[in-house]
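The values are calculated or read from the model by the stated rules, or taken from the named source; none is laboratory data. Because the structure is predicted, anything quoted here is derived from the model rather than measured. In this analysis, Cβ positions are derived from the backbone assuming ideal geometry, glycine residues included, and neighbour counts consider all displayed protein chains.
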Amino acid sequence: MPAAPLNTNPEWTADGFNQWTADGFYGWTADGYEPTTLAAAVTAFATAGANVGQLTYVYDALVPEGFVITGYVPLLLSAVPGSYVPLVISLGPAPTPTTITVPNVVGRFYYDAQLILLQAGFLIAPPTWVLSSTVLPQYVISQSIAAGTQFTQQTQVTITVSGFTVINQPNVPKPVP
């Protein structure tokens, strides 16, 4: 493996195997720095008789989409023929989160409230069940994020529902473990 060039460019950072520049990502290869795409890594492992194993995809602001983040050449040089080597692949910079308005689900039937929140782009936490003398069973009493508030997609919302959970209702036999 060639010696790493001196890090005279202040825009470079290193993880020991890979070099990033402001222009893109360069991984170690046997003949110097070259862009290391997933396709190139698969070909190199196949040539060495090894296989690419589990692929993990992550967002990375510095490494362009489709390029290998892990130092694949050190992995390649130590790969046993027939083995599977996991790689981490860049999805590029993370997308900008979308801001959406929280819908009002108070007073809605529990299953309708879940559907409304999911369709709006929110995650739903397991509900809190409480007894109420003023709200019908299975209807939403409150929500953890106020309606009309702006939040990013995939924010978790917890709702409070009137009544018992299905397995705790009166006169319903308890399941046998």
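(1) farther than 20 Å from Pro97 by Cα; (2) surrounded by fewer than 13 Cβ atoms within 10 Å (Cβ to Cβ): which one isn't true of Ala147, the others all being true?
(1)
Do we have Thr155 as within 30 Å of Asp60 (Cα to Cα), loosely packed, with under 15 Cβ neighbours inside 10 Å and among the β-branched types (Val, Ile, Thr) here?
Details: within 30 Å of Asp60 (Cα to Cα): yes; loosely packed, with under 15 Cβ neighbours inside 10 Å: no; among the β-branched types (Val, Ile, Thr): yes.
So Thr155 fails the test.
Filter the range 59-118 for residues that are of a type in the set (Asp, Glu) and either outside the structural domain of Leu136 (by TED's automatic domain parsing) or surrounded by 16 or more Cβ atoms within 10 Å (Cβ to Cβ) (or both); which is farthest from Leu38 (Cα to Cα)? Even if it seems obvious, please write down each step before you answer.
Keep residues of the range 59-118 that are of a type in the set (Asp, Glu), which gives 60, 65, 112.
Keeping just the survivors that are either outside the structural domain of Leu136 (by TED's automatic domain parsing) or surrounded by 16 or more Cβ atoms within 10 Å (Cβ to Cβ) (or both) gives 60, 65.
Details: Asp60: 15, Glu65: 10 Å.
Of everything passing the filter in the range 59-118, Asp60 is farthest from Leu38 (Cα to Cα).
Out of all the residues in the range 88-106, which are at pLDDT below 95 and part of a loop (DSSP other than H, G, I, E, B)?
Of everything in the range 88-106, those that are at pLDDT below 95 and part of a loop (DSSP other than H, G, I, E, B) turn out to be Leu91, Gly92, Pro93, Ala94, Pro95, Thr96, Pro97, Thr98.
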